[in-house]
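Have a look at the structure below before the remarks.
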Amino acid sequence: ALNSTHNVSTGALKVMAKEFQRGKDIVSGLLTEENEANIREIWQELMLPSNFFKTHKHFLMVTAVAEEDNIQFAWAGLLESKLRFLPNWIEDSHDIKCRLWPLAYRLPNGYKTTTGNPEKRKGVGIAGTNGASSLAIQDAYFLGLSKYGVRVLDIGESISNFLDMMHYSGLPGRDKGAGIRVAHV
């Protein structure tokens, strides 16, 4: 059994509670006699996909990068196991709501996750990479960011702490460009 109290952040719990309430409201409409003719439409409303990419204006793309399948598998597994820390650190340190999209996307070969010198770009970082080629295998996760009263998103310290944790993992391939990248998209 999965201990959800350990793996669900405060922000994720709020999203889940909101979605459970939305589902309850929709399903309770099924139980009334006046909606018998609209049962199909009610079920379709319940099954609408998430509007995650329309809800948020700012996103972080966290990418596991490697040039070999077996090394990519290791880095992607590490990222998946540790990614839950990043939204918690961002929410705890700033007045920002951070929501993790639960699915990874395999980016096409040649997709550039950073441009220019990443050291000079605020909010962008790389852990363990020594310039992987554009033909690297890349799995990306997305985090949606919503500001409350903050005018400027400055989450560099949270990202830096996350990348440090990933860098010291001891996984192979860093000398060949494998690692974790974080970019504002």
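Descriptive notes on the structure:
- Extension reserve of the His184-Asn51 stretch, reckoned as 0.36 nm per residue once the Cα distance is removed: 45.9 nm
- Projected label distance in nm at Ser93 and Ser146, using a 7 Å step from Cα toward the beta-carbon: 2.2
- Computed lengthening from Lys82 to Ser160, 0.36 nm per intervening residue step minus Cα-Cα distance: 26.7 nm
- Label positions at Tyr168 and Ile26, each projected 7 Å from the Cα along the C-beta direction, are separated by 4.4 nm.
Laboratory data are not the source of any read-out in this text; all were calculated from the coordinates shown. Because the structure is a prediction, the values reported are computed rather than measured. FYI the Cβ positions are ideal-geometry reconstructions off the backbone, even for glycines, and counts take in every protein chain you see.
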